[in-house]
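The values are calculated or read from the model by the stated rules, or taken from the named source; none is laboratory data. These numbers were taken from a predicted model, which means no experiment stands behind them. Here the Cβ positions follow ideal geometry from the backbone for every residue, glycine too, while neighbour counts run over all protein chains shown. The accessibility values were calculated without ligands, DNA or RNA, using every heavy atom of the protein model including side chains. Shrake-Rupley method; radii C 1.70, N 1.55, O 1.52, S 1.80 Å.
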Amino acid sequence: MNSPRLPTGPKGNIIFTAARELRTNVLGLIERHQREYPDISRLRIGPYYYVNVYQPDMIEHILSHSDLYSKGRENANLKYLLGNGLLTNEGEFWMKQRRLIQPVFHKRRLATFVEQIKDCTERLMADWEQHGSTTMDIHAEMTQITLSIVSRTLLSTDTGGWFREISDALGYLMKGLSTETTKLIRLPQWMPTPYNIRMARNREILNKMILGIIADRRATKVQHDDLLSMLMEVEDADTAERMTDAQLRDEVITIFLAGHETTANAMSFALYLMARHPEAAQRIREETAAVLADGPLTYESLMRLDYTTRAVKEVMRLYPPAWIIGREATQDDVIGDYLIKKGDTMMLFPYLTHRMEQYWEEPLRFDPDRFLPERMKDRPRYAYFPFGGGARLCIGNNFAMMEMQLILALICSRYKFSVPDGFRLELEALVTLRPKGELRLGVRRV
Ligand code: HEM
């Protein structure tokens with residue numbers, strides 16, 4: 001075996017050599033790097049070294065060794081918004097909180113959310129009914145529905161009235177947080193610069209809403225069997241203490257944001273792809289009709305929506321909402337022939353690995369049947385990882401899959417989508433991958 005060496009990579013500091021691209025076309029930039037260094041590369045951005053990793057076996061190594069790879073530096077950025085909630089927390093405290101929250105996502109529990117998800121979808125479509133045949137900003141519609149689903153199922157609250165304010169605030173914060181990395185000089189957050197003031201103001205909008213939900217729950221004393229009650233009532237096994245208000249806020253805002261933004265993006269891409277591939281929408285319509293012929297959709301009957309499930313997976317292959325996953329090496333390590341240095345930031349890109357020709361035939365083609373069992377058997381496990389993996393696997397992955405299957409099946413049963421002439425989908429790769437600007441599609445009753 002060769003002695004391990006540092007991965008090679010582009011020369012110079014990216015912050016100088018590709019500053020503009022880093023800010024305006026990060027997907028193009030990483031695609032180019034991958035063409036030059038197809039498996040792994042090491043590059044410098046500002047004072048830090050980043051290691052881009054594309055091969056499934058290397059990705060598996062990183063995600064399954066949380067002892068060697070922590071959430072790290074880039075995570076600190078997200079803490080501005082999410083505090084010490086489950087997504088950003090680390091170590092023993094993270095494990096304790098994960099164990100505490102996990103039961104909400106058990107399959108038995110998920111089954112009880114089906115009716116609420118169906119109801120939110122019906123309400124959205126009842127709204128559409130008023131419009132008749134028209135064009136709509138589908139990303140706004142999908143944000144609205146996923147927001148109402150996460151609020152109702154996990155917080156027993158209706159955030160409908162807040163929808164605009166929340167999505168504008170979130171849009172601003174996501175942009176701010178994801179450009180932090182590309183800044184030459186990062187000014188401390190406490191400095192009252194116009195940017196910092198706007199960030200703080202937008203964060204305050206979300207805080208106010210979350211703290212309002214918690215205060216309302218305390219005031220009304222109505223019993224709800226949901227995530228919020230569980231978090232408020234649980235006591236530490238050793239100290240019998242309840243969660244502090246600050247921790248409660250962090251957990252709630254994390255689930256609230258992680259639980260609707262990614263799903264809204266995936267559903268927007270899904271309906272865009274339905275517009276581009278009416279034959280896929282038709283298969284979903286027929287499959288759903290066959291299941292509905294035996295009675296209303298239930299948690300059990302979702303298992304029969306095979307093609308719909310494959311379509312959801314294929315949407316997230318081409319457009320993974322979590323397009324980038326970061327880790328920091330906590331000590332020197334060796335991956336294959338390569339040496340990883342303590343402090344290196346590891347960058348994993350579902351967006352790129354999901355499009356590698358080595359694992360995906362004609363990778364740019366939308367083809368849900370790639371997820372048929374017989375076509376999956378030779379593919380390495382981490383050629384596809386829209387929900388991450390290892391100990392930090394998305395806690396909401398089954399929730400999200402169920403939600404997207406239901407929404408897609410019900411909406412395709414009643415509506416057809418079309419892409420207006422001249423429209424080209426543009427992507428915005430911020431903290432998550434989303435359509436850039438409005439995603440206007442034609443919407444027409446079947
Ligand atoms: C299409 C939808 C979704 C996608 C693509 C997605 C993706 C991900 C990914 C990739 C991670 C791991 C991040 C990392 O390793 O650094 C993650 C973690 C997480 N997700 Fe999701 N997610 C989705 C939906 C949801 C939903 C519906 C919820 C909750 C209702 C949720 C809550 C979380 C939480 C709390 C974590 C942190 C888990 C931990 O570290 O213990 N996500 N998600």
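Tallying residues that are within 14 Å of Glu141 (Cα to Cα) and either aromatic (Phe, Trp, Tyr) or modelled with pLDDT under 75 (or both) within segment 163-177 yields 1. Within segment 420-439, the set of residues being within 19 Å of Trp128 (Cα to Cα) and surrounded by fewer than 16 Cβ atoms within 10 Å (Cβ to Cβ) comprises Pro420, Glu438.
If the condition is being within 16 Å of the ligand (Cβ to nearest atom) and aliphatic (A, V, I, L, M), then segment 342-371 contributes Met346, Met347, Leu348, Leu352.
Going by what's in this entry, would Ala280 be described as in a helix (DSSP H, G or I), open to solvent by less than 40 Å² (accessible area, probe 1.4 Å), more than 16 Å from the ligand (Cβ to nearest atom) and touching a strand residue (DSSP E or B) at 6+ places or on another chain (Cβ under 6 Å)? No. Considering Leu147, Leu110, the condition of being touching a His at 6+ places or on another chain (Cβ under 8 Å) and within 14 Å of the ligand (Cβ to nearest atom) is satisfied by Leu147 alone. Quick check on Glu374: is it free of Cβ contacts under 8 Å to residues at least 60 places away in the same chain and either within 16 Å of the ligand (Cβ to nearest atom) or closer than 18 Å to Arg317 by Cα (or both)? In short, yes. Applying the condition of being open to solvent by 10 Å² or more (accessible area, probe 1.4 Å) and in contact with a Gly (Cβ under 9 Å, 6 or more places away or on another chain) to segment 319-330 and asking which residue is farthest from the ligand (Cβ to nearest atom) yields Thr330. The residue that is nearest to the ligand (Cβ to nearest atom), among those in segment 79-94 that are open to solvent by 50 Å² or more (accessible area, probe 1.4 Å) and free of Cβ contacts under 8 Å to residues at least 60 places away in the same chain, is Glu90.
When Met274 is tested against (1) open to solvent by less than 10 Å² (accessible area, probe 1.4 Å); (2) over 30 Å from Glu428 (Cα atoms); (3) away from the ligand (no atom under 12 Å from the Cβ), only condition (2) is not met. For segment 1-43, the set of residues classified as surrounded by 14 or more Cβ atoms within 10 Å (Cβ to Cβ), part of a loop (DSSP other than H, G, I, E, B) and of a type in the set (D, E, K, R) consists of Asp39 only.
Output the residues belonging to segment 291-307 that are within 11 Å of Phe371 (Cβ to Cβ) and either open to solvent by less than 80 Å² (accessible area, probe 1.4 Å) or in contact with a Pro (Cβ under 8 Å, 6 or more places away or on another chain) (or both). Answer for segment 291-307, where residues must be within 11 Å of Phe371 (Cβ to Cβ) and either open to solvent by less than 80 Å² (accessible area, probe 1.4 Å) or in contact with a Pro (Cβ under 8 Å, 6 or more places away or on another chain) (or both): just Tyr307. In segment 379-408, the residues that are basic (Lys, Arg) form Cβ pairs under 7 Å with partners that are in a helix (DSSP H, G or I) and more than 7 Å from the ligand (Cβ to nearest atom), at six or more places apart or across chains, as follows: Arg381/Pro56; Arg381/Glu60.
The residues listed here are Glu141, Glu180; of these, the one that is modelled with pLDDT under 85, open to solvent by less than 70 Å² (accessible area, probe 1.4 Å) and either among the hydrophobic types (A, V, I, L, M, F, W, C) or touching a helix residue (DSSP H, G or I) at 6+ places or on another chain (Cβ under 9 Å) (or both) is Glu180. For segment 400-416, taking the residues that are in a helix (DSSP H, G or I) and of a type outside the set (A, V, I, L, M), the one that is nearest to the ligand (Cβ to nearest atom) is identified as Glu403.
Within segment 19-68, no residue satisfies the criterion of being farther than 27 Å from Thr330 by Cβ, among the polar types (S, T, N, Q) and in contact (Cβ under 8 Å) with a residue 12 or more places away in the chain. With respect to the conditions (1) under 18 Å from Glu328 (Cα atoms); (2) more than 19 Å from the chain's Cα centre (by Cα); (3) within 16 Å of the ligand (Cβ to nearest atom); (4) open to solvent by 40 Å² or more (accessible area, probe 1.4 Å), Leu100 falls short on a single one, namely (1). Number of residues in segment 130-144 that are more than 17 Å from the chain's Cα centre (by Cα) and within 16 Å of the ligand (Cβ to nearest atom) equals 1.
Only one of Ala237, Ala246 is closer than 30 Å to Glu92 by Cβ, open to solvent by 60 Å² or more (accessible area, probe 1.4 Å) and part of a helix (DSSP H, G or I). Can you tell me which? Going through Ala237, Ala246 in turn, just one is closer than 30 Å to Glu92 by Cβ, open to solvent by 60 Å² or more (accessible area, probe 1.4 Å) and part of a helix (DSSP H, G or I): Ala246.
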